[in-house]
Amino acid sequence: MDGYGLKVMSIGFLIEEETPMIWRGPMVMSALTQMLREVEWGELDVMVVDMPPGTGDAQLTMAQQVMPLRGAVIVSTPQDLALIDARRGIAMFRRVNVPVLGVVENMSYFLCPQCGTRSDIFGHGGARREAERLGVPFLGEVPLHTEIRERSDAGLPVVATAPEGSQRDCGPGARLDCGRGGQGGAPVSPRPKLLVCGARPILNANTSSCMLR
């Protein structure tokens, strides 16, 4: 699929919506390798692979067989339970010599759509503190925001279709940003090509990782 200058491929495109993926490690590794090497991606500037939580076969396959990797980004919610997985992910990537580019705090806070009041449902700042403790960059905060969820479900990236919305500021030093001037608020040409493999809305996961080639 291709939209907003992004090319996307996912196992979810190949199976029925309610079909469970009951796969052992070798099948996961084979499917991941096929998506990376046997899909006609065309010319790309950046490849981003959205990985599930954990430090299992899929992550090790990416780290050890898909080279060179430019780095990994850890995405975590602020609470301690999610940060345990984030720590393990950072430790794994360091062990296999994949640079950790930084940490993003997802569901950092909730913004009430009626009154705009902010609530720290899962706590706040846990990912930032963990990044500082482990000596990796903190990349920003993504709020639990109704418009982000609604537009993600509709296939309308909020940074492209509502770049001036209230969700644009994601915390100190971080912004959801996008070039403006194209049709419907989409980025103006020329646009960088970004590939997301195995993509899912960022609001679905407590802790996950993204790898860049």
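Listed values, structure above:
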read-out	value
Charge dipole of the range 1-139 about the Cα centre (unit charges at C-beta), most positive-ward option of 41, 60, 92	92
DSSP-assigned coil residues among trypsin sites (Lys or Arg not before Pro) in the range 1-86, each with at most 12 further Cβ atoms within 10 Å	24, 70
In Hz, Karplus ³J(HN,Hα) per residue of the range 151-161 (6.51, -1.76, 1.60; θ = phi - 60°; x = Gly, Pro)	5, 5, 4, 8, x, 10, x, 5, 6, 9, 9
Amide hydrogen neighbours beyond the local backbone of residue 10, cut-off 5 Å, H modeled	198
Mean separation of Cα contacts under 8 Å, 6 or more apart, over the residue count of the range 1-137: relative contact order %	19 percent
Built amide H within the under 5 Å cut-off of residue 142, gap 5+	105, 106, 107, 108
Under-5 Å amide H pairs with residue 71, H placed in peptide plane, nonlocal only	212
Phi to ³J(HN,Hα) by Karplus 6.51 cos²θ - 1.76 cosθ + 1.60 over the range 140-145, Hz, x for Gly, Pro	x, 10, 10, x, 7, 10
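Throughout, read-outs are computed from the coordinates displayed, never taken from laboratory work. Everything quoted here is computed from the prediction, not taken from an experiment. Don't worry about glycine lacking a Cβ; one is built from the backbone with ideal geometry, like all the others, and counts go over all protein chains shown.
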